Amino acid sequence: MANSQNKSNSKPVIIAGAGPAGSVLALALAKQNIDVILLEMHDKLPIDLRASTFHPPSLEMLKELGVVEEMIEKGLVVDRYQYRDRKTGEVAEFDMSLISDETEFPFRLQLEQYELTYIIEERLKAYPNAQLLFNHKVKSFTQDDDGVVAIVETPEGEKQIEGSFLLGCDGASSNVRKAAEIVYGGFTYEEKFLVASTSFRFEDVFENLSYVNYVSDPDEWCVILRTDKQWRVLWPTDPNETDLDKYLTDEHIQGRLKHLYDKGDDYDIGHRTLYNVHQRVAETYYKGRVVLVGDACHINNPLGGMGMNGGLHDAFNLAEKLISIINNGEEYLPKFAQYDRQRKDLAVKFVQDHTIANKKLMESTDPDEQAKRQQMFMECANDPTKAKEFILERAMIKCVRDSLAVD
Ligand SMILES: Cc1cc2nc3c(=O)[nH]c(=O)nc-3n(C[C@H](O)[C@H](O)[C@H](O)COP(=O)(O)OP(=O)(O)OC[C@H]3O[C@@H](n4cnc5c(N)ncnc54)[C@H](O)[C@@H]3O)c2cc1C
């Protein structure tokens with residue numbers, strides 16, 4: 001715990017939620033000698049199968065944090081991805097080496113998001129100024145000019161923890177956001193997404209299959225991607241279906257996998273989940289000394305793999321500002337207002353627009369529209385200049401650059 005004489009705020013920064021956003025913030029601040037308390041409601045870090053794609057700007061930031069090498073060792077480097085038309089068999093392939101002059105990481109890293117949080121949990125042990133407390137659920141807070149007090153539920157009863165700032169990294173149902181009375185505007189789709197994983201080797205039966213594939217089909221679109229561990233398939237469901245339990249039955253999932261590829265017998269199914277799909281953005285990303293990060297302030301459908309990546313970009317942006325506030329004595333309100341402008345107004349608009357457009361493109365049931373869409377991808381993939389532009393956008397490189405250009 002050095003430099004405390006230089007700190008304008010000597011109380012610890014309290015972080016609610018040890019998901020990707022909260023974990024990254026905790027390590028980034030701890031490395032700069034800032035005291036942090038990371039509060040996680042569960043008794044260990046959750047292992048749920050959600051984000052599995054890390055885009056190039058996130059990898060660049062995670063390199064600065066010193067964790068990217070271990071992530072690459074554990075993950076799968078994917079340097080091309082495909083848009084496939086199931087009816088015509090056409091494949092538009094985007095080769096990410098086209099952006100090798102723009103980034104040190106011209107690929108998507110396929111790695112389960114919990115691998116990152118587990119790596120950070122280990123790294124935090126080296127910092128006596130960082131505490132990770134499990135079974136600590138933030139319920140609400142109070143704040144004044146001198147700091148914040150988090151009201152926390154623990155197995156030993158309610159605790160009050162004092163801090164300089166409270167960072168709400170507590171996911172889509174954020175208690176911090178609710179206690180701050182910040183409206184979470186947007187909408188929730190009526191349909192849900194079904195995700196199942198299998199160890200079956202799709203690469204052996206689909207010719208030249210890449211590890212990330214968006215597959216269109218007027219009858220049933222899907223996304224097939226490989227994580228570091230298994231293949232994962234994501235399908236839409238019928239928004240009018242009331243019997244949601246049926247989606248998680250063996251019969252239903254076997255049927256869908258066999259429709260994708262009939263291998264003659266049953267698949268082994270690793271996991272299955274039915275997800276709600278939202279498009280929401282908080283009306284503001286901060287209130288006084290309380291700041292929202294990640295899913296707590298924006299959420300989108302998973303097509304394109306932008307949700308967690310956007311949350312990581314928030315976390316790195318905010319960490320830099322907190323370091324200058326705490327270690328260099330800068331005013332916090334102008335910095336948080338800049339965070340709000342850079343991350344909410346610009347970056348989130350990009351992610352919301354792109355993910356909504358991605359979903360519309362995938363789900364059309366009109367064969368003509370599907371054919372036009374595939375044609376657009378084929379033309380773009382076959383023109384190196386257009387393909388590079390397309391990849392820079394989908395890899396979130398452009399939106400990170402644009403957001404940093406905002407004053
Ligand atoms: C099927 C699916 C696939 C996805 N794929 C991708 C992808 O490929 N790429 C991508 O970028 N994004 C993807 N996403 C989105 C991604 O999973 C989320 O955007 C990401 O997890 C958000 O990280 P976070 O740290 O903000 O919140 P979370 O990961 O939700 O973490 C919040 C943490 O806070 C804890 N917590 C909650 N409430 C409290 C409380 N009150 N007190 C203390 N702790 C609390 C939780 O236990 C959790 O550990 C996908 C999502 C889904 C559903």
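Take the residue pairs LYS258/LYS388; LYS258/LYS359; LYS31/LYS360 and return only those whose Cα atoms are more than 32 Å apart. Please report the intermediate quantities before stating the final value.
On the way: LYS258/LYS388 35 Å; LYS258/LYS359 23 Å; LYS31/LYS360 42 Å.
As for pairs spanning more than 32 Å Cα to Cα, those are LYS258/LYS388; LYS31/LYS360.
Filter the chymotrypsin sites (Phe, Trp or Tyr not before Pro) in the range 1-90 to those in DSSP coil with at most 11 other Cβ atoms within 10 Å of their Cβ, and list the result. Don't jump to the answer; show the numbers that get you there.
Values: sites: PHE54, TYR81, TYR83; in loops: none.
The qualifying sites: there are none.
On average, how much area does the Cα convex hull of the range 252-330 cover when viewed from any direction, in nm²? List each step's numbers first, then the result.
Working: hull surface 31.9 nm².
Result: 8.0 nm².
Calculate the dipole size of the range 96-184 relative to its Cα centre from +1 charges on Lys and Arg beta carbons and -1 charges on Asp and Glu beta carbons; express the result in debye to the nearest 20. Provide the component values of the computation, followed by the final result.
Values: 8 positive and 16 negative charges, 54 e Å.
That gives a dipole near 260 debye.
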- [ ] Would you be so kind as to identify which of CYS380, THR242, ALA395 lies farthest towards the positive end of the dipole of the chain, taking Lys and Arg as +1 and Asp and Glu as -1 on Cβ and the Cα centre as origin?
- [x] ALA395
- [ ] Along Cα→Cβ, 7 Å out, is where each label goes; now give me the distance between the ones at LYS360 and ASP48 in nm to one decimal.
- [x] 2.9 nm
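Around LEU25, under 14 Å between beta carbons, what's the net of Lys plus Arg minus Asp minus Glu among the other residues? Present the calculation step by step, with values, prior to reporting the outcome.
Values: positive: LYS31, ARG123, LYS321, ARG343; negative: ASP35, GLU40, GLU64, GLU121, ASP170, ASP295, ASP314, GLU320.
Once all neighbours under 14 Å are counted, the net charge is -4.
Quick check: net charge around GLY255, other residues with Cβ under 12 Å of its Cβ, Lys/Arg +1 and Asp/Glu -1? Provide the component values of the computation, followed by the final result.
Numbers: positive: LYS246, ARG256, LYS258; negative: GLU220, ASP250, GLU251, ASP262, ASP266.
Net local charge, GLY255 excluded: -2.
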- [ ] Would you mind computing, in nm to one decimal, how far apart the modelled labels at LYS125 and ASP228 are, each placed 7 Å from Cα along Cα→Cβ?
- [x] 1.7 nm
Task: ARG341-ASP265 FRET efficiency (beta carbon distance; Förster radius 51 Å; 0.05 resolution) - done: 0.35
- [ ] Report, in debye and to the nearest 20, how large the dipole of the chain comes out about its Cα centre when Lys and Arg carry +1 and Asp and Glu carry -1 on their Cβ.
- [x] 800 debye
Task: Label point distance in nm, LYS349-ASP250, each placed 7 Å from Cα along Cα→Cβ - done: 5.2 nm
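Hey, can you rank 205-218, 19-32 by average C-beta count inside 10 Å, highest first? Present the calculation step by step, with values, prior to reporting the outcome.
Details: 205-218: 17.4, 19-32: 26.1.
Sorting 205-218, 19-32 by mean packing, highest first, produces 19-32, 205-218.
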Open item on the list: Which residue, LEU257, TYR267, GLY294, has the largest displacement toward the positive end of the dipole of the range 249-300 when charges sit on each Cβ (Lys, Arg +1; Asp, Glu -1)?
Closed with: GLY294
Task: Extension gain from ASP204 to ASP146, taking 0.36 nm per residue of separation minus the Cα-Cα distance - done: 14.7 nm
Task: Helical mean residue ellipticity (222 nm; -39500 (n - 2.57) per DSSP H run of 4+; nearest 500) of the chain - done: -10000 deg cm²/dmol
Open item on the list: How much of the DSSP bridge set in the chain is antiparallel, in percent, rounded to the nearest 5?
Closed with: 75 percent
TODO: Output the Cα-based Rg and Dmax of the chain in Å, rounding Rg to one decimal and Dmax to a whole number.
DONE: 21.8, 70
- [ ] Would you kindly state how much longer the chain becomes between GLU393 and THR242 on full extension, computed as 0.36 nm times their sequence separation minus their alpha carbon distance, in nm to one decimal?
- [x] 50.6 nm
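What net charge do the residues around LEU274 carry, taking every other residue with its C-beta under 11 Å from that of LEU274, with Lys and Arg at +1 and Asp and Glu at -1?
Details: positive: LYS192, LYS246, ARG272; negative: GLU191, GLU241, ASP245.
Within the 11 Å Cβ shell, the charges total 0.
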TODO: Under a 10 Å cutoff between Cα atoms, tell me which one of ASN317, ASN327, ASN276 has the largest fluctuation in the Gaussian network model of the chain.
DONE: ASN276
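Read the figures in this text as sums done on the coordinates, not as results from a lab. Note that this is a predicted model, so its numbers are computed, not measured. Glycine also receives a Cβ, built like all others from the backbone with ideal geometry; neighbour counts cover every protein chain displayed.
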